[in-house]
1. Cα convex hull of the stretch 137-280: how many Å³ per residue?
2. For the stretch 327-369, give the percent of accessible area contributed by carbon and sulfur heavy atoms, probe 1.4 Å, rounded to a whole number.
3. In the chain, with Lys and Arg counted as +1 and Asp and Glu as -1 at Cβ, which of these residues, Thr270, Ile221, Tyr172, has the Cα nearest the positive end of the dipole, that is, farthest along it?
4. In terms of modelled amide H atoms, which long-range or inter-chain residues lie less than 5 Å from the amide H of Leu123?
5. For the stretch 366-371, take each phi angle, set θ = phi - 60°, evaluate the Karplus expression 6.51 cos²θ - 1.76 cosθ + 1.60, and give the result in whole Hz per residue in order, putting x for glycine and proline.
6. Where in the stretch 339-379 is the amide nitrogen less than 14 Å from a point lying 7 Å along the Cα-to-Cβ axis of Glu467?
7. I need the P(r) histogram for the stretch 233-311: all alpha carbon pairs, bin width 10 Å from 0 out to the longest distance, whole percents.
8. List the aspartates and glutamates whose Cα sits under 17 Å from the Cα of Lys53, skipping any in the same chain fewer than 8 residues away.
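The values are calculated or read from the model by the stated rules, or taken from the named source; none is laboratory data. None of the values given here were measured: they were computed from a predicted structure. Ideal geometry is used to build each Cβ from the backbone, glycine not excepted, and the neighbour counts take in all protein chains shown. The protein model used for the area step is the full one, side chains on, heavy atoms only, and it has no ligands, DNA or RNA in it. Shrake-Rupley method; radii C 1.70, N 1.55, O 1.52, S 1.80 Å.
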Amino acid sequence: MTAITVTVSSYGYASGMSDLRDYVVGLNTQVPVYGGRRPYINLDNAASTPPFKNVLEAVNDFAPWYSSVHRGNGLKSRLSTELYEEARQVVAQFVGASPKEHVVIFGKNTTEAINKLSYRLPLKKTDIVLISHLEHHSNDLPWRAQATVKRIALTPEGGIDQADFTALLNQYAGRVKLVAISGTSNVTGHIPDIHWFACKAHEASAQIFVDSAQLAAHRPIRIGRLDDPAHLDYIAISGHKMYAPFGTGALIGRCDTFTRREPEYRGGGTISLVTPTIVDWAAPPDGDEAGSPNVVGAVALARAIKTLERIGLSTVARHEAALTRYALTKLKEVPGLVVYGETKPSYTSNRSGVIPFTVGDVPSHLVAAILGFEWGIGVRSGCFCAQPYVMSLLGHDRQAQHRIRYNLLHKRRDLLPGMVRISFGLNNTRKEIDVLMQALAAISEGKYGEYTVDRVTGFYSPTGVTEDFSGYFKI
Ligand SMILES: Cc1ncc(COP(=O)(O)O)c(C=O)c1O
């Protein structure tokens, strides 16, 4: 049984930063580009990271032992149940959750976690949820469905304006039930002082949710005890952004919320008793994990967390801050390139390694296509599921937004505004940034191939080239 335990003893760790690349799968993959092949450079870690090698090993080692959890009596079921619950503890410890006060609910991802919380909180349409203007759509739309959303304004650097937050708390005193903000922006990398926001929210008798999708793999998170005014009431994380892309994330929060009211999904696993006329709901977390859970995903997430802990999130943060400083310095040298959000290379304490930019008037999807097809560099382009924020950063007013809507209604996604985003993981290097800079310099000088845009999707591809994926992988 020791061979498949999710504890750390069975696999090795590198001792220094130079070994960090050894942790990650697929880093030296050669990909075809114009005129040959290049090693793939993944600068899209904010969307999804590759898996850690030892996470993949955990999945493979566990597979022969996998069986259904909680209700089976066979050895494999007992073992799977043990590991699933151990994984829950690993997640709890990762954020400093207390077994007496908190519950860890496994689910697919951050989006699912936020939707769940939005159903589980006793919100009414007249209640106010304060979100910021920089939120990902996943930390905006679920709240709009349950309550009245008010948006905290941005600072000139694209951060969350603390003065506006205080003013909104005063303006809506007694009505603000929840403050829901990102622990790190997926657009500019801005890291708000979440514990300051927590203190203010609690002073106003509101609770706080921190969307930690972009935080968990980059900075330590402390949820805090409930009697600490700086505690966080709820957080959500996604395994696929933490080197464990196997379909599991988690909502971690105060237990009392999940003992009240009925769960939003009902069915197997959620009850303690069902008769034709009675339903007694199971205690948390079971009542909130309807159906058969993703045990493999939970084991993978736990292994990734153990690995991040062993490497040390402060080590990760230092490495990514150094890369961010370097990239911000170099980006300044590219003619016509504009970086959005905080641009000072020295300012890395309150930001992660996520950098958005535009290159002159070259459309963002075209820049991304050139980077991908000619340089083997993977980045994101567009609005990154944060349209209000990106449009504000680009200076698009209401009138411009109506024009954008008109274009979308007429199937012209190619006319959507957007940016290019690079985002670092622990495996990125300065050398990779140097290749990116070479590519961006070429783009700014107009040195790139011919591309055709698909007006409906907005995406660009090299003119006359048809991609063939049949040689890569078969299901
Ligand atoms: C800040 C933020 N919140 C929420 C999400 C949604 O995460 P998921 O797609 O894992 O549900 C993302 C994804 O990019 C994100 O960056």
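1. On the way: hull volume 21.0 nm³, N = 144.
Looking at the stretch 137-280, the number lands at 146 Å³ per residue.
2. Details: 890 of 1660 Å².
Whole-percent figure for carbon plus sulfur exposure: 54.
3. In the chain, that residue is Tyr172.
4. HN-HN under 5 Å from Leu123: empty list.
5. 6, 4, 5, 5, 4, 4
6. 366, 368-379
7. All Cα pairs, binned at 10 Å, distribute as 17, 39, 30, 11, 2, 0 percent.
8. Those aspartates and glutamates meeting the cut-off are Asp19, Asp22, Asp61, Glu309.
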